[in-house]
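The values are calculated or read from the model by the stated rules, or taken from the named source; none is laboratory data. If you're wondering where the values come from, they're calculated on a predicted model, not measured in any experiment. Neighbour counts are summed over all protein chains in view; Cβ atoms, including those assigned to glycine, are modelled from backbone coordinates with ideal geometry.
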Amino acid sequence: MQVESSAQVAEQLAATGYLCDESLATVVFLAGRMQRPLLLEGEPGTGKTALAEALAQVAGVPLLRLQCYEGIDASQALYDWDFPRQVLHLRALEAAGGLGGQGVEEAEKSLYDERFLLARPVLAALQQAPAVLLVDEVDRADDEFEAFLLEVLSTYQVSIPELGTVRAAEPPLVVLTSNRTRELHDALKRRCLYHWVDHPGLEREVEIVRTRLPEVSAALARQVVDVVQQLRGDTGLQKPPGVAETLDWSQALHHLGCAELDLETAARTLGALVKYREDADRVKHALDRLLTT
Amino acid sequence: MTGLDELDQRGGLDQRRAPDEVLLGFTTALRAAGVAVTHDRSAAFLEACAHVGLADPAAVRTAGRSTLCGGPDDLHRFDGVFEAYFDHRAGLPRPRPATPGAPTLTSLPETDADGAGEGDDSDPVRARASDAEVLRHRDVATLSAGEKQRLAAQLARLRFRPPRRRTARHDRWHRGQVDARATVRASLRRLGEPAPIAYRRRGTRPRRVVLLVDVSGSMSGYADALLRVAHRLTHVPDARVETFTVGTRLTHLTRALSVRDPERALVAAGDTVPDWSGGTRLGESLQVFLDRWGRRGLARGAVVVVLSDGWERGDPSLLAEQVRRLRRVAHRVVWVNPHRGKDGYEPVQGGVVAVLPHVDDFLAGHSLATYSELCEVLSRA
């Protein structure tokens, strides 16, 4: 992605439907310029993953996504040999007339051919660079995996003993997201540009709803965002709604044919907005007050 | 650089100095404020500033936030230092939350006069041994300075075997389920000749332990000992311990306690915690813990230990509600109350009454003996 300023980044992202504030645009700009990974932390549903998707779209490059989970290891992130196919290949050679004298070495070599290599997201990102590599929810993976990531992210190369070193022609843009279920290691954080993604303000969120869901009426969008913003201010909720929930709720209301928010439809569609029974009760009580003021 | 002028108009930059000197000065100030700024972070900050230019203070701020900070706590400090450093019109010095003075070390007395008991006991070894035994059951809030030092030494040797949980992954084992994959691979390694059968069993990993230490005024006599216990548990090999303090607000203390030396760790903890000996808003603190940390995964499947006397200034029903939530995500909830082991104690405080139905274990926590009991309970959890 060739850009000259952070304003240009914001502009290009907006063209894909992702509206970001100035500081996020600056960080993205810096990540591109300094060729450093971007570490995004923040409440769930604030558009961390969506940013990576938008970035890939802007640059017109593939998005490789690595979803982390407990127990993930290098063979799921980097590469693996397709063992069954290798065995099949050997059997096929055997059936085709055995491995004559000098053929043995050839046959062995042919086992570690690129076609038996299963490229997992990180290797794929290096091979297909320029690309956007999204390492999602890195806090779910184990510490050991972090150390491994650190190694790849500092050199942007991977060595496969049988094939040699794969180096990215151009370092991929790496986006790591974390929900802070645990503190990431400092060494990894130091490699990255850190950004805390906050909930957007009223105007921006209305804008987001209008951009993402142009079919929703302006009045409805404003009312929905108004309610959501006030709910976020209420500390009693177990899980305050994120932007993703705002969009879901707006869409749900739109499908029910609402042009303006009314109490009854709002109560019926609450499932799109809050995901806990206690929260639903609380919001139901609050809706009356929120809608009248 | 025209940008310097703008920062200068805000009163921040000294024209006689080079910009990188000024920016590095800022990183030094930030380090002094408690953000872990390393050399490579400073270098990254300078590089980022070179890219965004110095014309726009907001861009410099963002560049600093992204390169020098590593978490939400850092961001808060960063903003404070940024304002103070580049905008010194706005009334300096600023009041900072008071921190308690660092504990001073006095020499360890040979043996305490009233602790020796038997007056004519001439064997110092036996006298010390009996001291240790007496100390085991003494209320830590009533100890003298010398006794506290001996207690600290004993707390640093507290025995703790971290609890373990089963994982989805398997380990090799000499009996149990047949590990078909390993067996076939071993056999392939021998070109298809039969190989010894491999077995496996479900692996285990240390279970996370989360300590929530109440540092409010009513607990001030115990806070030091409890943090020492937390420090000890943190440094047992293989243990996964996270520590928070609760009071009027929630503070993540694991980083401070990760310093190996207990004294330095406690000083670091003292610098980190803003609400020593303040009021108690246990319910709200627990709520913040659950919202920001617990429900997202920190408390899931963990043994959560609340070390508090249950004196709640706020609404006991909120506290009860939060403990109920906590119990739903945690593997086990242990409540440690320093007053429980005392004669004539009845759980009548509003907070304690409210939470008792929702905790798995209710333990005492006023003496060394009770702390080793706590370790036992945790190991079995």
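Key figures for this structure:
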quantity: Unique residue being outside any helix (DSSP H, G or I) and either of a type in the set (K, R) or under 16 Å from A:L176 (Cα atoms) (or both) when the list is A:R91, A:R85, A:R115, A:R65; calculated: A:R65
quantity: Residue that is of a type in the set (V, I, T) and modelled with pLDDT of 90 or more, where the choices are A:T16, A:T46, A:T26; calculated: A:T26
quantity: Flag if A:P214 is free of Cβ contacts under 8 Å to residues at least 12 places away in the same chain, in a loop (DSSP other than H, G, I, E, B) and not β-branched (V, I, T); calculated: yes
quantity: Members of the range B:13-41 that are surrounded by 15 or more Cβ atoms within 10 Å (Cβ to Cβ), part of a helix (DSSP H, G or I) and either touching a Lys or Arg at 6+ places or on another chain (Cβ under 9 Å) or at the interface with chain A (Cβ under 9 Å from one of its Cβ atoms) (or both); calculated: B:T27, B:L30, B:R41
quantity: Residue, surrounded by the most Cβ atoms within 10 Å (Cβ to Cβ), within the range A:127-151, restricted to residues that are touching a helix residue (DSSP H, G or I) at 6+ places or on another chain (Cβ under 6 Å) and either within 14 Å of another protein chain (Cβ to nearest Cβ) or among the β-branched types (V, I, T) (or both); calculated: A:V132
quantity: Scan of the range B:357-378 for residues that are exposed (fewer than 15 other Cβ atoms within 10 Å of the Cβ) and closer than 27 Å to B:E321 by Cα, ordered by number; calculated: B:P357
quantity: Some residue of the range B:286-304 being in contact (Cβ under 8 Å) with a residue 12 or more places away in the chain, under 30 Å from A:D142 (Cα atoms) and away from chain A (no Cβ under 14 Å); calculated: yes
quantity: Whichever residue in the range B:156-179 is part of a loop (DSSP other than H, G, I, E, B) and surrounded by fewer than 11 Cβ atoms within 10 Å (Cβ to Cβ) and, among such residues, is farthest from the other protein chains (Cβ to nearest Cβ); calculated: B:R157
quantity: Residue within the range A:43-52 that is within 9 Å of chain B (Cβ to nearest Cβ) and over 25 Å from B:A63 (Cβ atoms) present; calculated: yes
quantity: Residue match in the range A:84-98 (condition: touching a residue at least 40 places away in the same chain (Cβ under 8 Å), of a type outside the set (D, E, K, R) and within 13 Å of chain B (Cβ to nearest Cβ)); calculated: no
quantity: Test: residue in the range A:92-105 that is modelled with pLDDT of 85 or more, over 24 Å from A:V58 (Cα atoms) and surrounded by fewer than 14 Cβ atoms within 10 Å (Cβ to Cβ); calculated: yes
quantity: Number of the exception - B:D309 against (1) touching a residue at least 60 places away in the same chain (Cβ under 8 Å); (2) part of a helix (DSSP H, G or I); calculated: (2)
quantity: Counted residues, the range B:245-254 - those being within 12 Å of chain A (Cβ to nearest Cβ) and either in a strand (DSSP E or B) or surrounded by 23 or more Cβ atoms within 10 Å (Cβ to Cβ) (or both); calculated: 2
quantity: Hits in the range A:267-293 (condition: exposed (fewer than 13 other Cβ atoms within 10 Å of the Cβ) and part of a helix (DSSP H, G or I)); calculated: A:R268, A:G271, A:R277, A:D281, A:H285, A:D288, A:R289, A:T292
quantity: Residues of the range B:58-74 that turn out to be surrounded by fewer than 21 Cβ atoms within 10 Å (Cβ to Cβ), at pLDDT 85 or above and not charged (D, E, K, R), as a count; calculated: 1
quantity: Unique match (being more than 17 Å from the chain's Cα centre (by Cα) and within 14 Å of chain B (Cβ to nearest Cβ)) among A:R191, A:R167, A:R204, A:R212; calculated: A:R191
quantity: Filter result for A:Q35 (surrounded by fewer than 22 Cβ atoms within 10 Å (Cβ to Cβ), within 14 Å of chain B (Cβ to nearest Cβ), within 22 Å of the chain's Cα centre (by Cα) and more than 29 Å from A:V209 (Cα to Cα)); calculated: yes
quantity: A:P241 vs. criteria within 14 Å of chain B (Cβ to nearest Cβ), modelled with pLDDT of 85 or more, in a loop (DSSP other than H, G, I, E, B) and within 30 Å of A:E22 (Cβ to Cβ); calculated: yes
quantity: Matching entry among B:W293, B:W276, B:W311 (being over 18 Å from the mean Cα position of the chain (by Cα) and aromatic (F, W, Y)); calculated: B:W311
quantity: Matching option when the condition is in a helix (DSSP H, G or I) and either in contact with a strand residue (DSSP E or B) (Cβ under 6 Å, 6 or more places away or on another chain) or crowded, with 16+ Cβ neighbours inside 10 Å (or both), among B:A153, B:A182; calculated: B:A182
quantity: Inter-residue pairs, beta-carbon under 9 Å, first touching a residue at least 40 places away in the same chain (Cβ under 8 Å) and in the range A:31-42, second small (G, A, S) and part of a strand (DSSP E or B), 6+ apart; calculated: A:L39/A:S178; A:L40/A:S178; A:E41/A:S178; A:G42/A:S178
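Conditions tested, residue by residue: (1) under 22 Å from A:D248 (Cβ atoms); (2) in a helix (DSSP H, G or I); (3) among the acidic types (D, E); (4) not assigned by TED's automatic domain parsing to the domain that holds A:L173.
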site	(1), (2), (3), (4)
A:Q12	no, yes, no, no
A:Y18	yes, no, no, no
A:T26	no, yes, no, no
A:R33	no, yes, no, no
A:P44	yes, no, no, no
A:T49	yes, yes, no, no
A:A54	yes, yes, no, no
